[in-house]
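In what follows, a structure is listed as structure tokens, so that the remarks can point back to it.
The values are calculated or read from the model by the stated rules, or taken from the named source; none is laboratory data. What you see is a predicted model, and the numbers here were worked out from it, not measured in a lab. When we count neighbours, we look across all protein chains shown, and the Cβ atoms used for this are built from the backbone with ideal geometry, even at glycine.
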Amino acid sequence: MPLSAPAPTNPALAGIAPTDRHLLRALAQNFGLVLSWAVLVLAILIYCAIYYGQLGTLPGNFEITSTVNNTMPLVLSGLGQTIVILTRGLDLSVGGIIDLTNALAALYLGDTLQSAILGSIAILGVGALLGFVNGALVAFGRLQPIVVTIATLSIYQGLAIMILPQPGGTIPPEFSALLVNSGAPWALLYCVAFGLLWMMLRRSRLGVSIYAVGNDPAAATANGISLIRTRLAAYVLSGVASAGAGLFLAASSTAGDATTGNGYTLTSIVAVVLGGVSLFGGRGSGIGAIAGALLTTMIVNILFFAQIDPLYQSFYEGLFLVLAVVLTMAVGRLVKRRRR
Amino acid sequence: MTDPIPVVPPAAPAAPPPPRPFLGLDAERRHILYAVLGAILVFAVGAAVRPGFASPASISAVLLVASFVGLVAAGQTFVILIGGIDLSIPSVLNAAAILLVTSTLGDDSRAVYGITLTLAMGAGLGLLNGVGIAILGVPAVIMTLAMNGIVEGLMLGLSGGLTCQACASYAPPVVQAAVHGSLLGVPLAIYIWVGIIVIVSIVLSFTTFGRRTYAIGNNAVASHLAGINVPLTTILLYALSGFFAALAGILLVGFGGQASLEMGTPYLFESIAAAVVGGVSILGGRGHYLGAAAGAVSLVALATVLQTMNMPEYGRDILYGVVVIALLLAYGREQEGA
Amino acid sequence: MIDPTPAAAPNSSGPAIEGIDLVKAFGGVVALGGASFSAYPGEVHALVGENGAGKSTLIKLLGGRLRPDSGVVKYYGQPVQLHSPQDARRLGAATVFQELTQFPGMTIAENLLIGREPRGALGLIDRRRMTAEAAAILAGMGLHDIDPGELVEDVSLAQRQIVEIVRAVLAEPKILFLDEPTSSLVEREVEWLFGMVRKLRAEGTSVIFTSHRWREVISIADRITVFRNAREVGTFTTISEDDAVSLMAGRKVSAIYPTLPPKPAGDAALAVEGLSGNGLTDISLTLGKGEILGVGGLAGHGHRELFFTLFGALKPSAGRILVSGKPVRLRSPRDAIHAGPGIALVPEDRKTEGLLLPMSVKINLTLSVLRRISWLGLIRGRDEQARTRAMAESLDVRPPDPGRIVGTLSGGNQQKVLIGRWLLAESGILLFYDVTRGVDVATKHEIYALINRLANEGRSILLYSSDAEELAHLAHRVLVLREGRIAAELHPPMTSEAIVSSAVRDADAA
């Protein structure tokens, strides 16, 4: 016997047409993601306004290109961190993996574009291996991610310095041009590509498993999802993403530096949080992390052009982070309450 | 009983036997024992590799450095015990060092004022962390990470990147003496650390505050339903962490004489590693500062041994990480068997 | 007396599922003491009985959620060893337990179709088609007002339960286990479920379900097995409600309950006026000094919320609470503990809400009286040791060792430790929530005697129990809660049948 005709569950939505209601609901279900892009757009507008106020023109090709190029490593490491955080984990070894892959790039990419591309693929493989070590310790060893990845961070950082004690090595200029072309913000295409890759992951079996494990590990097991394989895959993907970040860093600086990645450990977490991903796992989107990464760079740009003393930069970044999280949590609670 | 359907009557319910103690010690004490044994082992290996490593002078040098790690680890232990973490200690430590020199300008008569002000700053910053975490509900990783940035920015900005005139001041001689001076051949700073170890251990093991800490770390819901003020205790614990970071900053600047940048950076991971190696569970509720202190000594001794073996720094980093993982695997398996 | 029509096998091709002499105990508490059961293809078989009578345990054993201590489970005549519900699934069974296996942050469509999502280009999940497919499935089952695009955490518990049922049915099981499937459903949702069940029966599926609601049971079940005291008591094709209720409630002799002390007339230690919020509506009651006030009814009808609100752990939206005649505002358990003579709560789940399992008896006992056993913050070790040992001995905790880790004690002893905490705190108003659940028979009796002794001493006790028999004999009077309201107040002489039928019948009259 069929039950009664559909009615909106929330009386506040009663007067709204179905398609609009669906849009509202999509907004509510993804408000972290939406908020992060909204704030990014706002930041871009503020940046343009300040830039115009200072220099009389809008930011041009150079500014946009360098902003995007500088953000690429954070975009990648943020995506990797997102995957791990979605499974209720954490990867503090991101900085170490970037260090090590950056050093490897400086030494082994060769002189030609072909050798660089081949070398890159190999280096991505190294990243996968480093991630596999993390994943194995967490999934099989059943150790806590935060302490495992602190230890592997130390190991990977040490390995990086071992193979490249001083900044040096060479990066073929064609490789740099391929990744971080300084002529125009072509790197945005990479962002789009990564976004597409994310959406593909989201729609794959692995993607579903990642969200399931982060939502409720017990329910995941009951549904036949392997906790071990999912967690392992998450850390491997994070390793590959961090390796990619190391390659982009190498491309941006024409030489390698075994300590260049250290800041990315904590900054990748910031990008993830600013992207609306929940630190408790199971909720959030990599697309948000991309916005979070761009937002992080935007804040630096805004502070620069607003002529804030660069020494105070961390202060504003930290303040912004706290306010962003508190605001997101408050909005989230409001949204949930209205929908009930 | 005239119940027509007899239920299988259980005998007086036999409680399951307690886990087998090792040397009569429970798991928590065992971990402390391991950490201490580990420290001794490292010294023994070091002495074998480099005669003279186990000399009093050498041991006290190690203990001195370990005391700095140990002080930071004290605060870290407090917050880890309730399942939290403090990522703000690098900049709080650094800011404390700078505040001390700029407020005392190397003058002993202002030492008390400077020290009090600095410790209050550390506690105050920690308090803010605690409020954000306990009342606003911000996850500890984010709150303390953000605080780290906030304090670092303020510190750099207000001191002009450490270029202000007062910034090059020295720490007051009395503070320097407290670190460098020695009594019976042992550096005073070690006495200070031992005193801290005693106090913190007493607080954790014998006070109501310590009891509440362990209760919350074990089961915050049950603690709340037993009438424990969970938010207040949380805030106090983070305040303590800030306090100890500031204390470490004071002693470090007494040790080095002047303040510098990035003073605190290595102490973040070291303090966490020391606690974990010492048997403090990152999930909270288990572990003791004695273990973290022993862990600090072990790790610093290990690093020093490697240094005297002329192993380059990267080798130390690698071995460090390997040792921590090996210990974690050993501890982990134990907990499952227990 | 009972004139049931005993069950004959519905058809001769052998049972689809059988349980033979199944025994399951949890730490000294026998949940199932050698029960046998069988169900045939194309049969709808109901298990009824009070909470703790064994029906849930049986279903979990048959469905692979638990492993039996002894006894055999057979599927289609073959003995099987089930290690998980997945094993049962592979044998063609589907289970719907009360613990839902859903993902709160994912949509209903994702939850329904997990593992079998429709794929589109590049082998990737086609989300739009997934939602459409989910909508089609739901519509095909007659569920038009469940929106598959909603997140699981945003829909009601009833809808979540329906989704769980749909998921089980989607697997086209030959055996379907439903544990309390209707506990959160309203009448028309229950009718939907039974329509589904009838269809499955016509297709030859065995459906085994547990329920508290008599009208539902007789409307759908081919056979009914009654449980009491961890055993099946009989299987019938027809039975009247009266007969069933008396079978369920049993005729236990009052001798195992202590004689109730006379209720002292006097001031109300605790009074509640018009309490509302969190699912409660307009609750008013008074609890006198030395009185034992029972609270009965089916689980999930507001009992937990009432107890938590009275302890300051939940905020009411309206109403007043008066302790010793004075209105109080309870903003946290701390306020409750210090209000007047002191309110104490022994919560439902002692393992997650009450005790610190890895810590000692001593620490657990003194958790609420830390100030009293300390001096300037320093714990007086010997004082603590002496007091806790005395308390452990007076409650006959076995072993009475204050240093013993609470997690190693049996359930009954654990419960005594939890009660002991509040005795040490000298609380005058005790809120006991299902204080004998999961406790062995011997300890239950000790707790009954303790409750009596406490009332005699002048303490006031609010007692919720899922065992109506207990309430009938332990309490001076009983309030029955139904759907957040007080449905009835019963006075002595009280019988468990009265309580059960008050809760059960009134629910049907909804």
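Worth a mention:
- Meets criteria (hydrophobic (A, V, I, L, M, F, W, C), in contact (Cβ under 8 Å) with a residue 24 or more places away in the chain and within 17 Å of C:Arg188 (Cβ to Cβ)) for C:Ile137: no
- Some residue of the stretch B:244-259 being in contact with a helix residue (DSSP H, G or I) (Cβ under 6 Å, 6 or more places away or on another chain) and surrounded by fewer than 22 Cβ atoms within 10 Å (Cβ to Cβ): yes
- Filter result for the condition that a residue is among the small types (Gly, Ala, Ser) and closer than 23 Å to B:Phe209 by Cα, over C:Gly300, C:Gly296, C:Gly377: C:Gly377
- Counting the residues of the stretch B:203-221 that are farther than 16 Å from C:Val369 by Cα and not in a helix (DSSP H, G or I) gives 1.
- Considering the conditions (1) over 22 Å from A:Val208 (Cα atoms); (2) in contact with a helix residue (DSSP H, G or I) (Cβ under 6 Å, 6 or more places away or on another chain); (3) at the interface with chain A (Cβ under 10 Å from one of its Cβ atoms), C:Ala139 is excluded by exactly one of them, (2).
- Residue match in the stretch A:164-171 (condition: in contact with a strand residue (DSSP E or B) (Cβ under 6 Å, 6 or more places away or on another chain), surrounded by fewer than 23 Cβ atoms within 10 Å (Cβ to Cβ) and closer than 16 Å to A:Ala251 by Cα): yes
- Identity of the residue in the stretch C:162-188, buried (at least 19 other Cβ atoms within 10 Å of the Cβ) and modelled with pLDDT under 90, that ends up nearest to the other protein chains (Cβ to nearest Cβ): C:Leu185
- Where a residue in the stretch C:440-453 is closer than 22 Å to C:Ile429 by Cβ and within 14 Å of chain B (Cβ to nearest Cβ) and its partner, wherever it lies, is assigned to a helix (DSSP H, G or I) and modelled with pLDDT of 90 or more, with Cβ under 8 Å and at least six apart: C:Glu446/C:Lys416; C:Ile447/C:Gln415; C:Ile447/C:Lys416; C:Ile447/C:Ile419
- Per the listing A:Asn181, A:Asn223, A:Asn215, the residue uniquely without any contact (Cβ under 8 Å) to a residue 60 or more places away in the chain, over 24 Å from A:Ile97 (Cβ atoms) and among the polar types (S, T, N, Q) is A:Asn223.
- Search result, residues across the stretch A:192-206 that are surrounded by fewer than 20 Cβ atoms within 10 Å (Cβ to Cβ) and part of a helix (DSSP H, G or I): A:Val192, A:Ala193, A:Gly195, A:Leu196, A:Leu197, A:Met199, A:Met200, A:Leu201, A:Arg202, A:Arg205, A:Leu206
Matching residues to (1) in a loop (DSSP other than H, G, I, E, B); (2) of a type in the set (Ser, Thr, Tyr):
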| site | (1), (2) |
| --- | --- |
| C:Ala53 | yes, no |
| C:Ser56 | no, yes |
| C:Leu66 | yes, no |
| C:Asp87 | no, no |
| C:Thr95 | no, yes |
| C:Pro104 | yes, no |
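- Hits in the stretch A:272-311 (condition: in a helix (DSSP H, G or I), within 19 Å of B:Met143 (Cα to Cα) and within 12 Å of another protein chain (Cβ to nearest Cβ)): A:Val272, A:Val273, A:Leu274, A:Thr296, A:Ile299
- Lone qualifier among B:Ala54, B:Ala44 - being over 18 Å from the mean Cα position of the chain (by Cα), outside any helix (DSSP H, G or I) and not charged (D, E, K, R): B:Ala54
- Listed by position, the helices (runs of 4 or more DSSP H) enclosed by the stretch B:108-195 that each have at least 3 residues that are modelled with pLDDT of 95 or more are B:111-134, B:140-158.
- Search result, residues across the stretch A:212-254 that are of a type in the set (A, V, I, L, M), under 29 Å from A:Asp111 (Cα atoms) and not in a helix (DSSP H, G or I): none
- Candidate set from the stretch A:136-155 (those that are more than 8 Å from every other protein chain (Cβ to nearest Cβ) and in a helix (DSSP H, G or I)); member that is nearest to B:Gly321 (Cα to Cα): A:Thr149
- Single match in B:Tyr267, B:Tyr314 (criterion: more than 19 Å from the chain's Cα centre (by Cα) and within 14 Å of chain A (Cβ to nearest Cβ)): B:Tyr314
- Residues in the stretch C:294-333 that are in a strand (DSSP E or B) and out of contact with any helix residue (DSSP H, G or I) (no Cβ under 9 Å at 6 or more places or on another chain): C:Ala318, C:Arg320, C:Leu322, C:Lys326, C:Pro327.
- Given (1) at pLDDT 90 or above; (2) more than 8 Å from every other protein chain (Cβ to nearest Cβ); (3) surrounded by fewer than 21 Cβ atoms within 10 Å (Cβ to Cβ), index of the condition C:Arg116 fails: (1)
- If only residues of the stretch A:50-71 that are under 27 Å from the mean Cα position of the chain (by Cα) and aliphatic (A, V, I, L, M) are counted, the one that is surrounded by the most Cβ atoms within 10 Å (Cβ to Cβ) is A:Val68.
- Checking A:Asp91, A:Asp99 one by one, the residue that is of a type in the set (D, E, K, R), closer than 21 Å to B:Leu328 by Cα and either touching a Gly at 6+ places or on another chain (Cβ under 8 Å) or crowded, with 19+ Cβ neighbours inside 10 Å (or both) is A:Asp91 and no other.
- Single residue of A:Ile308, A:Ile299 found to be in contact with a helix residue (DSSP H, G or I) (Cβ under 7 Å, 6 or more places away or on another chain) and modelled with pLDDT of 90 or more: A:Ile299
- Subset of the stretch C:354-405 [more than 9 Å from chain B (Cβ to nearest Cβ), under 22 Å from B:Ala27 (Cα atoms) and in contact with a Pro (Cβ under 8 Å, 6 or more places away or on another chain)]: C:Ser360, C:Val361, C:Lys362, C:Leu365, C:Gln385
- Taking the stretch C:333-353 as the range and being within 7 Å of chain B (Cβ to nearest Cβ) and in contact with a Leu (Cβ under 8 Å, 6 or more places away or on another chain) as the test, the residues that pass are C:Pro333, C:Leu345, C:Pro347, C:Glu353.
This table checks each residue for (1) within 14 Å of another protein chain (Cβ to nearest Cβ); (2) over 21 Å from B:Ala296 (Cβ atoms); (3) under 20 Å from the mean Cα position of the chain (by Cα).
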residue	(1), (2), (3)
B:Leu81	yes, no, yes
B:Ser88	yes, no, yes
B:Val112	no, yes, no
B:Leu117	no, yes, no
B:Leu127	no, yes, yes
B:Gly137	yes, yes, no
